[in-house]
Every structure is written in structure tokens, then in C-alpha cells.
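The values are calculated or read from the model by the stated rules, or taken from the named source; none is laboratory data. This structure is a prediction, so every number in the text was calculated from the model and none was measured. Virtual Cβ from ideal backbone geometry, glycine too; neighbours counted across all protein chains shown.
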Amino acid sequence: MQATNSRMSRRQPAIRLLAQEFGESSLSEKGPGEFDPAFVITKLGARVNRLLVAGLLENLEPRETSSGTMWQGQLRDASGTHYFSVGHFDNDTVQAQVETLASLHETGDPLLLMMVAKGRCYTTEEGAVYTSMRPEEIAIIDRQRYATWLVQASQETMKRVADHDAAAALAPSRQAYAEAGIPVHSIEGLLKSREFYGDTDTEVHRLMVMRALDIAEGKREVSEKPWNAPAAPKNDTTETKGDASEADIGDILTSIIEQLDEGKGVDLENVLSSASARGFDRQTSEAKLDQLVDEGSLKEPRFGWFSLN
């Protein structure tokens with residue numbers, strides 16, 4: 001009984017996390033002990049064991065495996081898509097809920113869900129790293145509850161952005177971070193994130209927060225798809241944008257610049273990274289940018305920075 005209580009005392013809280021932040025993560029850690037929790041470390045420094053997420057159920061389908069039926073689904077929020085799976089190893093309640101949700105989803109009616117889930121990173125045979133979730137609790141919610149979650153998730157994201165930006169200006173040490181007023185519980189994740197990911201531009205996270213708040217306030221539709229959702233896992237059947245036409249690439253690049261520009265233009269790396277998240281290779285995107293500048297659709301106010309003409 002004592003060992004069980006010890007394990008329960010280490011149960012990790014669920015962090016409200018937008019899909020953009022979780023989906024771009026590729027660092028995980030686990031302690032040496034059998035019951036030590038595993039964490040996904042995000043670029044903003046969050047150490048994620050459990051997530052509290054919400055969004056539209058976009059896809060849910062069964063896949064037969066050697067050990068039984070595995071349900072794989074996609075949950076889309078204001079910033080991108082979470083991928084989750086439920087199998088025979090999950091509790092009976094969640095399995096039953098997923099089967100019910102699959103039936104409801106087939107009717108075509110939109111379903112807003114909230115989940116508490118365990119997060120993880122996994123690596124494909126090709127070496128690509130993706131994130132996924134295993135739901136522990138699932139609930140159907142209404143638009144107001146979703147709006148409340150969006151506001152709360154946005155607030156927590158901006159706290160992480162502020163801590164990350166403050167840490168980036170300091171020497172990477174616990175003492176320097178603590179003396180600068182960075183919360184103690186954030187320091188370890190920020191140090192690991194900085195060591196693994198290097199410099200991280202937080203502007204895309206600010207943009208995702210703006211989109212989330214627009215949806216919460218009714219300025220955007222819940223069903224509106226974000227333009228830079230994280231790339232789908234290898235086993236997902238969603239079509240990619242890799243074979244899109246040049247016209248599509250031009251529209252995407254223009255949209256990225258329009259949404260990221262805060263009056264000073266958008267730097268090349270931000271544009272290329274955002275386009276890459278949509279499935280466009282960097283070389284093609286860069287060539288298209290040059291073409292748009294030559295045509296007069298875009299301007300380059302200073303080298304490597306772009307804005308609408």
C-alpha cells in the first residue's frame with residue numbers, strides 16, 4: 001500500500017496546451033525508476049506528462065492490430081491538430097466512449113471534446129519524431145466551455161512565452177533564471193529546451209494565441225482550420241500539401257506574411273518554417289518568395305524580411 005500511495009503522490013498535473021506547441025516537440029525524458037513519469041519537453045520549456053486539451057473531433061477510425069482494435073483520432077484546436085490513440089490497454093470507460101464517439105462522428109455533426117491525456121513522443125523507422133496522446137478521460141463539451149478552455153490555454157501559453165523570452169536573454173543556469181524571477185517549476189524545462197532546441201522564435205505561438213482568442217470571442221469560426229497545423233504522423237491518411245500547385249504556394253506564403261507581420265515585415269526563416277509546416281519544401285518556398293517580390297505582390301523592405309506590397 002505504501003508503494004501505491006507513493007506512486008499516486010507523483011501523479012502529474014494536466015497542462016493546458018495548444019496543439020501547435022505540443023506537436024512541434026521532439027524531446028522526451030524519463031527517470032530511471034520503474035514508476036518515474038515520462039515527459040515531453042516543448043520548445044517553450046513545458047515539461048508535459050499529462051495534457052488537458054480541447055477541440056473539434058476531426059477524425060476517428062479503427063485499425064486492426066495483432067493485439068486487437070486500435071482507435072486513432074485527430075482533435076483539432078485553434079492552432080493545429082492533436083493525434084491520439086485508444087487500444088485494449090486503455091481503461092474500459094475510455095474504450096466505450098471512443099466507440100460511442102465514432103458512431104456520433106459518422107453522423108457528420110461537429111463534436112467538441114475535452115480530454116485529459118498522457119503525452120508522448122515516438123520515432124518512426126525513418127527517424128522522424130512525432131507526438132501523440134493516450135486519453136484518460138474524455139467529455140463532450142459545448143462552445144462556451146471550449147471558449148473558456150481557449151482563454152485558459154492562451155493565458156498559460158503566454159506565461160511560457162514570457163518565461164522563455166526572459167530566459168533566452170540570460171546565461172543558461174538555474175541561478176541566473178531564479179534570480180531573474182523565472183518560476184522555479186519552469187526552470188528545468190527551460191534549461192532542457194534551450195540545450196536541445198537552441199534558439200526558438202516565439203512569434204508563431206503569439207499568433208496562435210491571437211487565433212485562439214479570436215475563436216473564444218466569436219471573431220472566428222470554431223471550424224476554421226489553422227494554416228500551420230503540425231505535420232501529420234506517418235500512419236495518418238490525411239493528404240499532405242507536398243504536391244500543391246505554385247498558385248497554392250503563393251497564396252500560403254502571402255497568408256503567412258499577412259498574419260505574422262506586425263508592421264516591420266516577417267523574416268525569411270519564419271516564413272520558410274511556417275510554409276514547411278504546411279508541407280512545402282524550403283527551396284520551393286524561397287524561389288516562390290523571390291518570384292512574388294519580382295511580380296510586385298510582396299516587397300522586401302530590408303534583406304531577408306518580407307511584407308505585403
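Scanning the range 159-174 for residues that are of a type outside the set (D, E, K, R) and under 14 Å from Lys192 (Cα atoms) turns up His164, Ala167, Ala168, Ala171, Pro172, Ser173.
Residue-by-condition table, conditions (1) closer than 22 Å to Trp149 by Cα; (2) in a strand (DSSP E or B):
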{"site": "Pro62", "(1), (2)": "no, yes"}
{"site": "Met70", "(1), (2)": "no, yes"}
{"site": "Tyr83", "(1), (2)": "yes, yes"}
{"site": "Phe89", "(1), (2)": "no, no"}
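Among the candidates Pro183, Pro172, the residue that is touching a helix residue (DSSP H, G or I) at 6+ places or on another chain (Cβ under 6 Å), surrounded by fewer than 19 Cβ atoms within 10 Å (Cβ to Cβ) and not aliphatic (A, V, I, L, M) is uniquely Pro172.
How many residues does the range 91-125 hold that are touching a helix residue (DSSP H, G or I) at 6+ places or on another chain (Cβ under 9 Å) and in a loop (DSSP other than H, G, I, E, B)?
Start the filter on the range 91-125 by keeping residues that are touching a helix residue (DSSP H, G or I) at 6+ places or on another chain (Cβ under 9 Å), which leaves 111-114, 119.
Filter once more, so that each one left must be in a loop (DSSP other than H, G, I, E, B): 111.
Residues meeting the conditions: 1.
Of the listed requirements (1) surrounded by fewer than 19 Cβ atoms within 10 Å (Cβ to Cβ); (2) under 21 Å from Gln155 (Cβ atoms), Ala46 misses just one: (1). Pairs linking a residue in the range 186-215 that is farther than 28 Å from Ala171 by Cα to a residue that is of a type in the set (Lys, Arg) and modelled with pLDDT under 90, with Cβ atoms under 8 Å and 6 or more positions apart or on different chains, are Arg211/Arg220; Asp214/Arg220.
If you filter the range 79-113 down to residues that are within 20 Å of the chain's Cα centre (by Cα) and among the hydrophobic types (A, V, I, L, M, F, W, C), you find that the one that is surrounded by the fewest Cβ atoms within 10 Å (Cβ to Cβ) is Leu111. Among the residues in the range 155-165, are any part of a strand (DSSP E or B) and in the same structural domain as Asn91 (by TED's automatic domain parsing)? The answer is no; no qualifying residue exists.
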